[in-house]
Amino acid sequence: MIGVLGGYGAVGGTAARLLAGHPGLRVGGRDGAAARRFVDAELGGHGEAWQVDALDAAELARFCAGCRVVVNCAGPSYLLRDRVARAAFAAGADYVDAAGDATAFDGPTGTGTGTHGRTAVLSAGMLPGLTGLVPRHLAALTSLDAGLRLDVYTGGLDRLTPAAAGDFLLAGQEEQGAALAAWRDGARVARALTPVHNIQLPYFPGPVTAYPYLSAEAERVARELGLAEARWYNVITGDGVLAAASTAGQAADLTRAAELELAGRTPYYVLLFQLSGPHGTRTLALRTRDSYALTAAVAAHAARAVLRGEVPAGLHHADAVLDPARVLADLEPVAKIEITEAVAPIDLVAPVFEEGAL
């Protein structure tokens with residue numbers, strides 16, 4: 001039995017559909033009627049529909065009982081932290097979290113501490129998740145010479161669910177990362193970068209704002225790959241979401257702002273990675289119309305890997321234990337992926353001069 005918590009939502013619904021071929025599937029969420037409608041309409045009635053509130057310990061324990069793997073697609077992750085994982089471990093189940101981070105757990109990653117001998121895969125989504133897997137994939141295709149620099153640009157124009165909005169607001173907390181920071185010579189450098197407005201980036205369809213943000217995942221990947229420099233940017237189309245985040249600071253306001261930005265426009269999301277070194281620059285661009293489908297595809301891949309016994313017991317980040325090439329192959333139905341050496345290196349740190357200015 002695979003239990004998908006938040007199993008009829010933007011991420012969980014797609015994850016449940018991707019896992020529908022498994023003999024046993026349990027779909028749960030706060031609205032039991034919505035879970036039943038989803039199972040009937042999307043899974044042809046082949047699954048169990050459960051009403052479960054992730055903040056209710058007794059309901060959560062009942063949901064996890066009898067599961068081989070529990071896939072957590074509920075949120076926001078900052079509110080749930082390790083609550084669902086602990087219930088899964090207590091029920092003897094392995095655990096996959098489409099979000100989540102090891103900072104919410106007591107034990108270090110890669111060990112069985114606190115997992116009761118079970119397997120847990122965290123950050124198994126798009127961001128974090130793919131944003132850690134893709135740099136490792138590029139590194140595997142590149143001679144790891146000294147002096148490599150990684151530049152990452154992620155963002156677009158998409159709806160913002162209440163759970164995603166809550167995690168967006170959390171991004172400013174120090175344990176999650178550092179705004180305006182970069183990675184250089186083996187350490188985080190505070191306030192090394194500045195936002196860049198009204199710029200055109202390859203693969204993005206129009207002018208955007210690039211906001212520097214070095215996440216905990218980005219810092220960990222840069223350290224483990226031995227990068228000389230790494231610069232991560234959140235890319236935002238329009239200023240409505242940023243304005244809502246800086247003024248009201250409520251998830252509902254961010255959701256409404258995203259809806260207004262999207263009105264009458266085609267949604268898109270781009271993850272753009274460039275690894276540059278002495279022998280040139282390799283670019284990987286991943287484009288989709290549904291960022292939540294990307295998160296779901298990574299989570300479903302992680303669940304299947306755990307079921308196949310490919311991930312050892314203990315607490316792991318997805319990018320550290322999943323095969324990047326196999327994950328990317330699984331994304332082909334929902335994303336267009338291009339790897340090229342033809343795109344010139346992007347450098348937002350270099351001075352930019354307007355034509356005709358001295």
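The values are calculated or read from the model by the stated rules, or taken from the named source; none is laboratory data. What you see is a predicted model; the values in this text were computed from it and never measured. Every residue, glycine among them, receives a Cβ derived from its backbone with ideal geometry; neighbour counts consider all protein chains shown. Surface areas here come from the heavy atoms of the whole protein model, side chains and all, with no ligands, DNA or RNA. Shrake-Rupley method; radii C 1.70, N 1.55, O 1.52, S 1.80 Å.
Mind checking the full-extension length gain between residue 51 and residue 191? Use 0.36 nm per residue of separation minus the Cα-Cα distance, one decimal, nm.
45.8 nm
Under a point spin-label approximation (7 Å from Cα along Cα-to-Cβ), what is the residue 65-residue 259 distance to one decimal in nm?
3.9
For residue 337 and residue 252, compute 0.36 nm times the residue count separating them, minus their Cα-Cα distance, and round to one decimal in nm.
27.3 nm
Go through the stretch 332-343 residue by residue and turn each phi into a ³J(HN,Hα) via Karplus (6.51, -1.76, 1.60, θ = phi - 60°); whole Hz please, and just put x for glycine and proline.
Per-residue couplings from phi come out as 4, x, 10, 8, 9, 10, 10, 10, 8, 10, 8, 8 Hz.
Which value in deg cm²/dmol, rounded to the nearest 500, describes the helix-derived mean residue ellipticity at 222 nm for the chain, given -39,500 (n - 2.57) per DSSP H run of n ≥ 4 and division by the residue count?
-9000 deg cm²/dmol
Would you please give the residues with an amide H less than 5 Å from that of residue 311, counting only those at least 5 places away or on a separate chain, with H modeled from the backbone geometry?
none
Can you give me the accessible area per residue for the chain, using a 1.4 Å probe, in Å²?
Counting only protein heavy atoms, the per-residue value for the chain is 43 Å².
Roughly how big is the chain's charge dipole about its Cα centre, with Cβ charges of +1 (Lys, Arg) and -1 (Asp, Glu), in debye to the nearest 20?
660
Ranked highest first by average number of other Cβ atoms within 10 Å, how do 182-191, 147-156, 95-104 line up?
95-104, 147-156, 182-191
Go through 116-122, 310-316 and give me the packing order, highest mean Cβ count within 10 Å leading.
116-122, 310-316
Can you pull the one-decimal nm distance between simple spin-label points at residue 347 and residue 141, each 7 Å off the Cα toward Cβ?
2.3
Out of all DSSP beta bridges in the chain, what portion is antiparallel? Express it as a percent rounded to 5.
Within the chain, antiparallel bridges account for around 55 percent of the total.
How would 197, 317, 279 rank on accessible area, largest to smallest, probe 1.4 Å?
Putting 197, 317, 279 in descending order of accessible area: 279, 197, 317.
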